[in-house]
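Please read the structure below before turning to the comments.
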Amino acid sequence: MNDAGAVKAYVVSLGCDKNRIDTEHMLALLSDGAVVVGEPENADVIIINTCGFVEEAKRESIDAILEMARYKKAGAKALVVTGCLAQRYARELQKELPEVDAFLGVSGYGKINEAVRRALRGERFVCTERIDADFEERVLTTPAHYAYVRIADGCSNNCSYCAIPIIRGPQRSRELKSVLREIERLRRDGVLEVILIAQDTARYGEDAGRRMIAELVDEAAGIMEGGWLRLMYCYPDAVTDELIGAMMKHKSVCRYLDMPVQHFSDKILKSMNRRNTSESAKAAVKRLHGLGFALRTTVMVGFPGETEEDFRILTDCVEELKFENLGCFKYSAEEGTKAAEMPGQVPEEKKAERYDAVMRLQKRISREICAGLKGTTQKAVIDGRREDGLYIARTMGQAPESDGVTFVCSKKSLTPGTFHDVLIKDAYDYDLFGELNEHS
């Protein structure tokens, strides 16, 4: 790997944590014949793993490609574009971006070394065919103490606004033994927190004949004893008694669930082709809160046909249910989806207005929830340290990269990837401040 003649590669990863895992697999594959460098000006080949989920992500990806293309003039010999944008628009991008030497779709990263070799020979290489493979080797790009584990790819929910089934295909779950083997390896390597992800995590195994998420949680929790197991992207209609029971059974499973509801107007939910109703989602939230879970959700504003009354229903439910963490998206019309052809498209300025209103509301709710934690002692994992000496940590109710953090003041040195009891002394809009319990 340190051979002076090895190809030097610079990698840019954009988009979600599912994309991050694709990047980590590519890095592992590259490590056989390339050296990953930290600056693009030092690279022979530049690889950009793109996102193409919504319009804003597409623009970010195009901007990154154009920015990295400048380094070809400064010495880089090849530019490779991978991921969702390449999967969906490779044909168009070949014409519009002649500076790109290779395009690999979302399941083509197994051919990354071939793409690099051919690009360096001056050949154009394109692969957007679906190649199902279960790559377990990875080079983590997260801090060493936590890692995402993808248990399925693709999605079969066919929500009317979503392009994921177009880009990544129907849901394809990994074998249970493969997932558990990966978690065991990560735990042996010192990973303290494993985060299970998929497009719809709670439906893991459904495409193979039966849901296995409760079984997976039960077995993975044993492997993660002494650490944390966290679940993200569980649709409310698939959060069953069996799954909740498996989560409640183990101390290593975070009393936390990311459960995207998208809306609370039954009219909008039906148009979205969501499986749940407003009442069933509200019942799930109330039950989980009653069991002590911290909840994260996402909602969408500006979906076609969303009236002021629909928006009022959404905000009333957000106010009533008081999610600990909430993200909001403005609807983006994605070509090939049913929603893009629906009447009643909402003007962009109205989407922005509603987005701002939801986030103002959530900011107040979050501030109130955080304030309610003052005086309590919370178990927290140390993620790092700021230049001013404060440690950055997370409680069980704070997922990495998407939720708030807990700032910790400590007289003694704390190591990233260790648990400590923290007395919460102050609260902000989304974050907490605490002092180390000296006996932890």
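Every read-out reported here was derived from the displayed coordinates using simple, explicitly stated rules and does not represent laboratory data. Computed from a prediction, not measured in an experiment: that's the story for all the values here. Every residue, glycine among them, receives a Cβ derived from its backbone with ideal geometry; neighbour counts consider all protein chains shown.
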Assuming R0 = 56 Å, what is the FRET efficiency of E309 and E41, from their Cβ-Cβ distance, to the nearest 0.05?
0.55
Reported label for calculated semi-axes √(5λ) of the Cα gyration tensor in Å given (1) 37, 26, 21; (2) 52, 32, 23; (3) 35, 29, 22:
(3)
Rounded to whole Hz, the Karplus (6.51, -1.76, 1.60) HN-Hα couplings of segment 243-255, x for glycine and proline
5, 4, x, 5, 5, 6, 6, 10, 5, 6, 8, 4, 7
If one computes P(r) from the Cα atoms of segment 20-177, what percent of pairs lie at distances over 22 Å?
42
For the pair K270 and E56, how long in nm is the line joining their label points, each one 7 Å along Cα→Cβ?
3.0
Taking a cut-off of 16 Å between Cα atoms, list the lysines near K411, but don't count ones fewer than 8 places away on the same chain.
K425
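For the chain, what is the mean residue ellipticity at 222 nm derived from helices alone (per DSSP H run of n ≥ 4: -39500 (n - 2.57); sum divided by total residues; nearest 500 deg cm²/dmol)?
Only helices count here, giving -11000 deg cm²/dmol.
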Take Y148, Y71 and order them by how many other Cβ atoms sit within 10 Å, fewest up front.
Y71, Y148
Taking H placed 1.01 Å from N in the peptide plane, check which residues at least 5 places from T297 or on another chain put their amide H under 5 Å from its amide H.
M259, N325, L326, G327
Where in segment 33-74 is the amide nitrogen less than 12 Å from a point lying 7 Å along the Cα-to-Cβ axis of T141?
47-51
Fewest-first ranking of F125, F135, using other Cβ atoms within 10 Å as the exposure measure
F135, F125
What share of the DSSP beta bridges in the chain is antiparallel, in percent to the nearest 5?
30
Using θ = phi - 60° and the Karplus relation 6.51 cos²θ - 1.76 cosθ + 1.60, list the HN-Hα couplings for segment 205-210 in order, rounded to whole Hz, with x at every Gly or Pro.
x, 4, 5, 9, x, 7
Which lysines have a Cα less than 26 Å from the Cα of K77, not counting those fewer than 8 places away in the same chain?
K8, K58, K95, K111
With a Förster distance of 45 angstrom and the Cβ-Cβ distance between K8 and E319, calculated FRET efficiency to the nearest 0.05 equals 0.25
Quick one: V45, V253, fewest Cβ neighbours within 10 Å first, how do they rank?
V253, V45
Work out the P(r) tail for segment 377-436: percent of alpha carbon pairs separated by more than 19 Å, whole number.
15
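Arrange the peptides 184-193, 391-400 so that the one whose residues have, on average, the most other Cβ atoms within 10 Å appears first.
Details: 184-193: 16.8, 391-400: 22.2.
Ranking, from highest mean packing down: 391-400, 184-193.
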List the lysines whose alpha-carbon lies under 17 Å from that of K282, not counting same-chain residues fewer than 8 positions away?
K267, K270, K322
Report the local net charge at S410: Lys and Arg +1, Asp and Glu -1, summed over other residues whose C-beta lies under 11 Å from its C-beta.
+1
Using the crude model of +1 on Lys and Arg Cβ and -1 on Asp and Glu Cβ, and no other charge, please compute the dipole size for the chain relative to its Cα centre, in debye to 20.
300
Quick one: which residues, 5+ away or cross-chain, put their amide H under 5 Å from the amide H of V149? H built at 1.01 Å from N.
I195, L196, I197
